[in-house]
1. Anyone know which of S349, S393, S84 comes out most mobile in the 10 Å Cα GNM of the chain?
2. Using a 10 Å cut-off around each Cβ, can you sort C319, C230, C182 from fewest to most neighbouring Cβ atoms?
3. Run the numbers for S204 and V396: contour at 0.36 nm per residue of separation, minus the present Cα-Cα distance, in nm.
4. Would you grab the residues whose amide H sits under 5 Å from the one on G383? Only those 5+ places off in sequence or on another chain, please, with H modelled 1.01 Å from N.
5. Starting from the Cα gyration tensor of region 273-408, multiply each eigenvalue by 5, take the square root, and state the resulting semi-axes largest first in whole Å.
6. Please compute the length gained on full extension between K161 and E43, using 0.36 nm multiplied by the number of residues separating them and subtracting their Cα-Cα distance.
7. Using only alpha carbon positions, build the gyration tensor of region 135-280, then give the equivalent ellipsoid semi-axes as the square roots of 5 times its eigenvalues, largest first, whole angstrom.
8. When N is the residue count of region 204-301, what does its C-alpha Rg come to as a fraction of 2.2 N^0.38 Å?
Amino acid sequence: NRSDDKKIAVCVIDLDHFKDINDTMGHQAGDFLLTAIGKRLREYVSPDLYVARSGEDEFSVFGVFNQDDDIDEMVVLPLQQAMSESFDVKGQHLTMRISLGVSHFPKDGAEASVLLKNADIALNKAKNQGRGIVYHYSSDLQDDITGRFQLISALRQAIQKDELELFYQPQFSLTKGEANICGAEALIRWFRFDEETQEKVFVSPADFIPLAEESGLIIPIGEWVLETACRQAVVWCQEDHMTIPVAGNISALQFQHPNFVNMVKAALEKTGIDPRYLELELTESVFAGDIEKSISVLQELKELGITLAIDDFGTGYSCLSYLSKFPIDRLKIDQSFIRNALTDSNDASITSTIVTLGHALNLKVIAEGVETLEHQKFLVEQGCDEVQGFRYSRPVPEADFITFIDTYTGELDYFQ
Ligand code: C2E
Ligand code: MG
Ligand code: MG
């Protein structure tokens, strides 16, 4: 219907983390839930709208509206209300969250296929923004996609073009009034050469690591990171600078790759690093899905002789009953807790609880994001073992790191 006083809205709906339900409760429960959700959506939206299941865990709703109808009020709100009550599956109350993408005829396209595609683009944006969110399509999103696409293809060439580099940030142990360097975290840096301006532009890992994961490029990049970091630690030792462990960050996709353990093994062999001097930092999200499988991979890694740390601890979904089964060595308290520990009593309690928990499990506890003396004093009071942060050093290029460790005397005013 192309009459001027009418418009059409197409809304695609994605169930956030539906896969987790299938993985943890089985497909039968998943199917049961999908049926219940379909019925619930139907109940909540107006009867003259169409509701369809358009993908494995995707529904769509569409209908014809008057020009001045408010789509948020007539479609989006009822859909969100439909999800506000939990679902009963196998005696468990499950709360589902949805992400929504909306496109409008005639503004966003003249054909059904284009409207659906654009609603999907809006949905993807909503999911990338952290889920539970609604996005209406606009042509900016198209630019967004083009930008991402270009960034991915530039990243693909970054290794060959030598645009990637590792920076190092020292870690310190705080024992008995001393602050010794006890390790270094390797953090990737991308200085992208911009053809237009002929200048190097810094791209933050927070921006490109997600793209590297999405495109699978994290596999070759991760391999490069690990080898480079190991080779570096060997050099520090051989050149008599300092013998300290180097820590590399591992993303979920890498950890779940079937060849991951072999890749780590190859990096050890190629570089000749003593495995005790390699640490892998894994976030809790790495273990999502099959926990038993994760434990067996962790065990294989431990058998190589390396150490393991959980990064950003406290921000993911921690399955405490499994934590004691993980063969890990360190917990890294997430920097968000340290940042607010002095002003927010909840963050202070979380920090001290993580220290207690870690010690009860015989793990070392390190705080990241330590920026001030006050942070440090607080952490010493809590019995935190180790610290890392801008107070001591930012992540720096390898040459600067060597200067840092060569000139470090431990005489910073640690306990004034
Ligand atoms: P992360 O592993 O938790 O690293 C800590 C981040 O905090 C780093 O950001 C570091 O520069 C920053 N930082 C350190 N001390 C302080 C401080 O005192 N205050 C504040 N505000 N920040 C501090 P960066 O280098 O931008 O890295 C961000 C994230 O990107 C990392 O978080 C890690 O998840 C990821 N990443 C970095 N390098 C790699 C890599 O080689 N592989 C993978 N898979 N991920 C990486
Ligand atoms: Mg880290
Ligand atoms: Mg961290």
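Nothing in this text is a laboratory measurement; each read-out follows from the coordinates by a stated rule. What you are looking at is a predicted structure, and each value in this text was computed from that prediction instead of being measured. Because the Cβ atoms are built from the backbone with ideal geometry, glycine has one as well, and the counts that use them run over all protein chains shown.
1. In the Gaussian network model the winner is S84.
2. Exposure proxy ranking, most exposed first: C319, C182, C230.
3. On the way: separation 192, 0.36 × 192 = 69.12 nm, distance 1.42 nm.
Net length gain for the segment: 67.7 nm.
4. none
5. 25, 22, 12
6. Extending this stretch completely gives an extra 36.9 nm.
7. Taking √(5λ) for each eigenvalue gives 33, 18, 16 Å, largest first.
8. Cα-based Rg divided by the globular estimate yields 1.11.
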